[in-house]
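The values are calculated or read from the model by the stated rules, or taken from the named source; none is laboratory data. Note that the structure is predicted; figures quoted are calculated from it, not measured. FYI the Cβ positions are ideal-geometry reconstructions off the backbone, even for glycines, and counts take in every protein chain you see.
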Amino acid sequence: MRSSGLLISDCNPWKTGESLLYYFGRFVFLIYLKMFYRIRIVGRSNIPVYKPFMVCSNHISWHDPFSVGVALPAWYRINYMAKKELFSNSVLRFLLLKAGSFPVNRQDADLIAVKKAYLILKEGNVLGLFPEGTRSRNGAMQKAYNGAALIAVRSGVPILPVAIEGPYRLFNPVRIHIGKPFTLPPLVNEQKNKKREQLDEMSDLIMKRIGMLLTGQEN
């Protein structure tokens, strides 16, 4: 599936019938993050003009989806793939679904979640993923699972790398670094072992591009 390219400036979120809850929640968290964590956003000029694309970020706190969400303009509504455990609470499930999130089983090959991810991109939307799969307890970069790389390769959409520079401490600045979009090459060998090797390399590349933002090698 290759993107036909939807120009962002042609999109009016209020006309497309997107949930007002998303925009209200985004506004609330923008005020919260600016007030208590002095959030700073670097590299906004790197945000693609066209959708669809994937947002891939490191993961250091439960704040991260909201931080990345407010780093992009409101009309780039990010649909997050989130661990299924979050959907066990009925109230939280309602809020997550209204915000465009969908569950994934991290312990198994969740084909339903993967198909949902492809559909989001096929419809010209933005998909949000944390390739590490779980939060880093010490803030250090972790090895990525291959799911993000596989979805990017199969869909052909660009990846927008985002790095969150914490930690989240009250009244200390948190910086969100947005890097230049990039695409992954197609798989050259579909044999199972070779395919895994290629995806491992691509997953490492995704994390490397995120890490470069933290070290100032890309801005």
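Identify, please: which residue in region 71-94 is of a type in the set (D, E, K, R) and more than 19 Å from Asn46 (Cα to Cα) and is, among those, nearest to the chain's Cα centre (by Cα)? Give the derivation first.
Narrowing region 71-94 to residues of a type in the set (D, E, K, R): 77, 83-85, 93.
Filter again for more than 19 Å from Asn46 (Cα to Cα), leaving 83-85, 93.
Values: Lys83: 13, Lys84: 16, Glu85: 18, Arg93: 19 Å.
Restricting to residues being of a type in the set (D, E, K, R) and more than 19 Å from Asn46 (Cα to Cα), the top hit is Lys83.
Restricting to region 23-37, name every residue that is farther than 19 Å from Ser101 by Cβ and in contact (Cβ under 8 Å) with a residue 40 or more places away in the chain.
Keep residues of region 23-37 that are farther than 19 Å from Ser101 by Cβ, which gives 31, 34-37.
Scanning region 23-37 gives Phe36, Tyr37.
Give the number of residues within region 168-217 that are within 26 Å of Ile41 (Cβ to Cβ) and among the polar types (S, T, N, Q).
Residues meeting the conditions: 5.
Working only within region 64-101, note down all residues that are aromatic (Phe, Trp, Tyr) and either touching a residue at least 12 places away in the same chain (Cβ under 8 Å) or under 24 Å from Met35 (Cα atoms) (or both). Don't jump to the end; show me each part of the working.
Of the residues in region 64-101, the ones aromatic (Phe, Trp, Tyr) are 66, 75-76, 80, 87, 94.
If the condition is that a residue be aromatic (Phe, Trp, Tyr) and either touching a residue at least 12 places away in the same chain (Cβ under 8 Å) or under 24 Å from Met35 (Cα atoms) (or both), then Phe66, Trp75, Tyr76, Tyr80, Phe87 are the ones that fit.
Okay, residues lined up against (1) touching a Lys or Arg at 6+ places or on another chain (Cβ under 9 Å); (2) among the hydrophobic types (A, V, I, L, M, F, W, C); (3) more than 22 Å from Leu72 (Cα to Cα):
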| position | (1), (2), (3) |
| --- | --- |
| Lys98 | no, no, no |
| Phe102 | yes, yes, no |
| Asn105 | yes, no, yes |
| Ile112 | no, yes, yes |
| Ile120 | no, yes, no |
| Asn125 | yes, no, no |
| Leu129 | no, yes, no |
| Gly133 | yes, no, no |
| Arg137 | no, no, yes |
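Being on the phi > 0 side of the Ramachandran plot and more than 15 Å from the chain's Cα centre (by Cα) is true for just one of Gly139, Gly133. Which residue is that? Let's see the steps before the verdict.
Values: Gly133 fails: more than 15 Å from the chain's Cα centre (by Cα).
The conditions single out Gly139.
Can you confirm whether region 155-172 contains a residue that is in a helix (DSSP H, G or I) and either touching a His at 6+ places or on another chain (Cβ under 7 Å) or under 24 Å from Tyr80 (Cα atoms) (or both)?
At the first step, the residues of region 155-172 found to be in a helix (DSSP H, G or I) are 155.
With either touching a His at 6+ places or on another chain (Cβ under 7 Å) or under 24 Å from Tyr80 (Cα atoms) (or both) added as a condition, the list becomes 155.
Yes, region 155-172 has at least one match.
Does Asn58 satisfy the condition of being under 23 Å from Leu214 (Cα atoms) and either aromatic (Phe, Trp, Tyr) or touching a strand residue (DSSP E or B) at 6+ places or on another chain (Cβ under 9 Å) (or both)? Step through it out loud before you land on a result.
On the way: under 23 Å from Leu214 (Cα atoms): yes; either aromatic (Phe, Trp, Tyr) or touching a strand residue (DSSP E or B) at 6+ places or on another chain (Cβ under 9 Å) (or both): yes.
So Asn58 fits the description; yes.
Across region 181-209, what is the total count of residues that are of a type in the set (Lys, Arg) and surrounded by 18 or more Cβ atoms within 10 Å (Cβ to Cβ)? Break it down stepwise before answering.
Of region 181-209, the ones of a type in the set (Lys, Arg) are 192, 194-196, 208-209.
Checking the rest, the ones that are also surrounded by 18 or more Cβ atoms within 10 Å (Cβ to Cβ) come to 209.
Result for region 181-209: 1.
Let me spell it out: the conditions are (1) among the hydrophobic types (A, V, I, L, M, F, W, C); (2) over 12 Å from the mean Cα position of the chain (by Cα); (3) buried (at least 21 other Cβ atoms within 10 Å of the Cβ); (4) at pLDDT below 90, and Ile60 meets all of them except one. Which number is the exception?
Only one criterion is unmet by Ile60, namely (4).
Looking at (1) on the phi > 0 side of the Ramachandran plot; (2) surrounded by fewer than 16 Cβ atoms within 10 Å (Cβ to Cβ), find the lone condition where Gly43 falls short.
All conditions are met except number (2).
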